[in-house]
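These notes concern the structure reproduced below.
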Amino acid sequence: MIVKKVSDLENTLETLKLERKKKIYFIPTMGSLHEGHLSLIKFAEKKKAFIILSIFVNPLQFDDKKDFKKYPRDLRKDLRIIKDLKINVVLLPEKSFAKNLSFPKIKIKKLDKKLCGIDRPGHFLGVATVVLKFLNLIRPNFIILGEKDFQQILVIKKIIKDFSLKTKVIGLPIVREESGLALSSRNKLIPEKKTKIAANIYTCLKQISEGIITNGLEIKKLESYKNKLLRIGIEKVNYLEILKETNLEVLDHKPSIARIFISVKFFGIKLIDNFRVPKRLVQKNGLILNLKD
Ligand code: AMP
């Protein structure tokens, strides 16, 4: 069932009361669906859940108007893709959903000062504002998110905690092309012949992880990884950082699980990715080391 007017959602949920004995799993997306999105839907299908999928290109989370305009949209194709999936409600809010809001945008303190928070000013304010509206409206038992947008998961967990909501967050692994390139709706904007170059982003993350595990890594050396990417045709590396997974803080003497986070510009498009280092790490004097077990 497709719902466009948010005010209709309550009635729709009421008419589907029987189905609603199931747990509600909510999957927010911006459409142009690909296998990454489908992995989230398939996860919910296996739970025999009541699934609500939203498709909404949220203007509030774009710091750049041009980027918002050129963001790939193909609603017809999306609806075709999900036709045979067990989605109970497809929520397609109208533009007004994120317009003229009377409440101030949600402020995210520490997490907003890291990675994409710096790189895309206002991005997470926009994400949090709209996700909070969705959560308030739907009151789902679970929200399913992809680890592709790892920082987004942390932001959403934080607003759920701050607003004492009951929704639990499920984060699912990144789905990649065979080459290793993380699937993203934006990949459609890369000329096909050049996607091989973009696959080096993942190779770079893996190499850094392997390097840390075998010999340790001087943080300074991240510059040489950045330069390598620039040499093969990546336009700009917005950031390449290794941070604690739980709070995106810099590694220190306390053994922690860390992720390597990257954002690049390629053909004018922002691509992000991250990789979990499969060992606990410490940082001493600018050197990141694997804590031998
Ligand atoms: P988006 O439509 O890009 O806003 O993404 C909607 C949801 O799908 C977010 O929770 C993303 O993290 C998730 N997602 C996007 N790409 C992938 C991927 N390659 N693997 C897993 N999840 C993804």
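The values are calculated or read from the model by the stated rules, or taken from the named source; none is laboratory data. The shown structure was predicted, so the numbers you read here are calculated from the model rather than taken from an experiment. Cβ: placed from backbone, ideal geometry, glycine included. Neighbour counts: every protein chain shown. To get the accessible areas, we keep the full protein, side chains included, count just its heavy atoms, and leave off ligands, DNA and RNA. Shrake-Rupley method; radii C 1.70, N 1.55, O 1.52, S 1.80 Å.
Quick check for me: using +1 on Lys/Arg Cβ and -1 on Asp/Glu Cβ, what's the dipole size of segment 167-293 about its Cα centre, in debye to the nearest 20? Kindly include the intermediate steps, with their values, before the conclusion.
Numbers: 24 positive and 13 negative charges, 35 e Å.
The calculation lands at about 160 debye.
In the chain, what percent of the accessible surface is made up of carbon and sulfur (1.4 Å probe, ligands and nucleic acids excluded)? If you can, show how the numbers build up before the last one.
Values: 8280 of 15780 Å².
Exposed carbon and sulfur together represent 52 percent of the surface.
Express in % the proportion of alpha carbon pairs of the chain at distances exceeding 25 Å. Provide the component values of the computation, followed by the final result.
Numbers: 21638 of 42778 pairs.
Counting pairs separated by more than 25 Å, the tail of P(r) holds 51 percent.
Can you give the Rg to Rh ratio for segment 225-280, taking only C-alpha atoms and Rh from Kirkwood?
On the way: Rg = 13.0 Å, Rh = 12.2 Å.
That ratio equals 1.06.
Can you give the calculated 222 nm mean residue ellipticity of the chain, where each DSSP H run of n ≥ 4 adds -39,500 (n - 2.57) and the sum is split over every residue, rounded to the nearest 500 deg cm²/dmol? Intermediate results must be reported in sequence, preceding the final value.
Details: 10 runs with 100 residues, N = 293.
Calculated from helices alone, the mean residue ellipticity at 222 nm is -10000 deg cm²/dmol.
Pull out the extension gain between E178 and M1, defined as 0.36 nm times the separation in residues minus the alpha carbon to alpha carbon distance; nm, one decimal.
Details: separation 177, 0.36 × 177 = 63.72 nm, distance 3.38 nm.
Going from the current span to full extension adds 60.3 nm.
So for each of 190-196, 68-74 I average, over its residues, the number of other beta carbons within 10 Å; can you give me the resulting order with the highest mean first? Intermediate values should be presented prior to the final figure.
Values: 190-196: 11.3, 68-74: 14.3.
Most protected by this proxy first, the peptides run 68-74, 190-196.
Under the √(5λ) rule applied to the eigenvalues of the Cα gyration tensor, what semi-axes describe the equivalent ellipsoid of segment 162-293? Give them in Å, descending. Working shown, then result.
On the way: eigenvalues 134, 90, 32 Å².
Those come to 26, 21, 13 Å.
Report, in degrees rounded to the nearest 10, the 0 to 90 angle that the Cα long axis of helix 6-15 makes with the longest principal axis of the chain.
Around 70 degrees separate the two axes.
Could you order peptides 171-177, 128-134 by the average number of other Cβ atoms within 10 Å of their residues, highest first? The partial results should precede the final answer.
Working: 171-177: 16.6, 128-134: 22.0.
Result, highest mean Cβ count within 10 Å first: 128-134, 171-177.
At 7 Å along the Cα-to-beta-carbon direction for both K95 and H253, put a label point, then send me their distance in nm to one decimal.
For K95 paired with H253, the spin-label model returns 5.7 nm.
Can you run phi through the Karplus equation (6.51, -1.76, 1.60; θ = phi - 60°) for segment 114-125 and list ³J(HN,Hα) in whole Hz, with x for Gly and Pro?
Couplings: 10, 5, 5, x, 7, 5, 10, x, x, 4, 6, 4 Hz.
Ratio to report: Rg/Rh of segment 112-154, with Cα atoms as the point set and Rh obtained by the Kirkwood method; give two decimals.
Checking Rg against Rh, the ratio lands at 1.01.
Would you check the accessible area of L75, probe 1.4 Å, heavy atoms only, in square angstrom rounded to 10?
Looks like 80 Å² after rounding.
Residue by residue through segment 42-53, which ³J(HN,Hα) values in whole Hz follow from phi under the Karplus form 6.51 cos²θ - 1.76 cosθ + 1.60 (θ = phi - 60°), with glycine and proline marked x?
Running phi through 6.51 cos²θ - 1.76 cosθ + 1.60 with θ = phi - 60° gives 5, 4, 5, 4, 5, 7, 6, 8, 8, 9, 10, 10 Hz.
Could you give the accessible area per residue of segment 23-75, probe 1.4 Å, as a whole number in Å²?
On the way: 2430 Å² over 53 residues.
Using a 1.4 Å probe on heavy atoms only, each residue of segment 23-75 averages 46 Å².
So how exposed is K83, as accessible area in Å² (1.4 Å probe, rounded to 10)?
That residue has around 140 Å² of solvent-accessible surface.
Output ³J(HN,Hα) for segment 231-243: one whole-Hz value per residue in order, computed from phi by the Karplus curve 6.51 cos²θ - 1.76 cosθ + 1.60 with θ = phi - 60°, and x for Gly and Pro.
Running phi through 6.51 cos²θ - 1.76 cosθ + 1.60 with θ = phi - 60° gives 5, 8, x, 5, 6, 7, 9, 6, 7, 9, 9, 10, 9 Hz.
Quick query: amide H of V175 versus all other amide H atoms, modeled in the peptide plane; which residues come in under 5 Å with a sequence gap of 5 or more or a different chain?
It is L183, by chain and number.
Full extension from K228 to K47: what is 0.36 nm times the residue separation minus their Cα-Cα distance, to one decimal in nm? Could the numbers behind the result be given before it?
On the way: separation 181, 0.36 × 181 = 65.16 nm, distance 4.33 nm.
Using 0.36 nm per residue and subtracting the Cα-Cα distance, I get 60.8 nm.
Can you tell me which aspartates and glutamates have their Cα less than 18 Å from the Cα of K226? Leave out same-chain residues fewer than eight positions away.
Once the sequence-local aspartates and glutamates are set aside, what remains near K226 is D119, E210, E218, E235, E241, D273.
At a 1.4 Å probe radius, which order do R276, R80, R231 fall into by accessible area, largest first?
Working: R276 110, R80 150, R231 175 Å².
Order by accessible area, largest first: R231, R80, R276.
Please list 258-266, 199-207 highest first by mean number of surrounding beta-carbon atoms within 10 Å per residue. The partial results should precede the final answer.
Values: 258-266: 22.0, 199-207: 18.9.
Ranked by mean Cβ neighbours within 10 Å, highest first: 258-266, 199-207.
Net charge within 10 Å of D74 by Cβ-Cβ distance, Lys/Arg positive one each and Asp/Glu negative one each, not counting D74 itself? Could you put the intermediate results ahead of the total?
Numbers: positive: R73, R76, K77, R80, K188; negative: D78.
After counting each charged neighbour, the total is +4.
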